[in-house]
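Down below is the structure, laid out as structure tokens.
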Amino acid sequence: MFTSGGGASPVGPTSGGKVYAFNNVGTSPEVVAPANSKRTVITFDNPGAVDVIVFPVLAQAVNPTWTAATSLDSGATSISNVALTPTALLLGGGYRIYGNGGTRTFSGECQGAWQALAITGSGNALTVTDSNI
């Protein structure tokens, strides 16, 4: 379940940052950061022993008829967002945050919602820091 001290809604452009603390990440994906149109940086830290994988909630789906010769810049509409439903066996689209201190930071186009799952077990930790500056 997604919880934060100030509620699940993102705060304005200079809110001092938002830190989300999780101690119950299991092998089923759960949202760990809501979409935030003002976000410029998001950092995932894993203080626990088990690797955790983070994924965007939406990923790009490429039309099977799309080819490298098809230029998206020329108006082609072959790419669209689709819901990403990862599992511990289907990790495509995810980024591994290694246990015992692993960290990963995304900047730029990182405004969408993010989800996470642990490779094994339940009760795994993850810290998410969301910044608008």
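The values are calculated or read from the model by the stated rules, or taken from the named source; none is laboratory data. Predicted, not measured: the structure shown is a model, and the values here were computed from it. Backbone-built Cβ (ideal geometry, glycine too); neighbour counts: all protein chains shown.
Structure notes:
- Selection over segment 47-61 of residues that are of a type outside the set (A, V, I, L, M, F, W, C), surrounded by 18 or more Cβ atoms within 10 Å (Cβ to Cβ) and closer than 11 Å to Val25 by Cβ gives a count of 1.
- Subset of segment 83-113 [in contact (Cβ under 8 Å) with a residue 60 or more places away in the chain and under 12 Å from Val52 (Cβ atoms)]: Ala88, Thr103, Arg104
- Counting the residues of segment 30-46 that are buried (at least 21 other Cβ atoms within 10 Å of the Cβ) and more than 9 Å from the chain's Cα centre (by Cα) gives 3.
- Members of segment 86-112 that are closer than 19 Å to Arg39 by Cα, small (Gly, Ala, Ser) and loosely packed, with under 14 Cβ neighbours inside 10 Å: Ser107, Gly108
- In segment 114-131, the residues that are buried (at least 22 other Cβ atoms within 10 Å of the Cβ) reach residues that are outside any loop (DSSP other than H, G, I, E, B) and basic (Lys, Arg) with C-beta atoms within less than 8 angstrom, at least six apart or across chains, in these pairs: Asp130/Lys18.
- For segment 26-132, the strands (runs of 3 or more DSSP E) that sit wholly inside it and include 1 or more residues that are at pLDDT 95 or above are 30-33, 41-46, 52-56, 95-97, 102-107, 114-118, 124-131.
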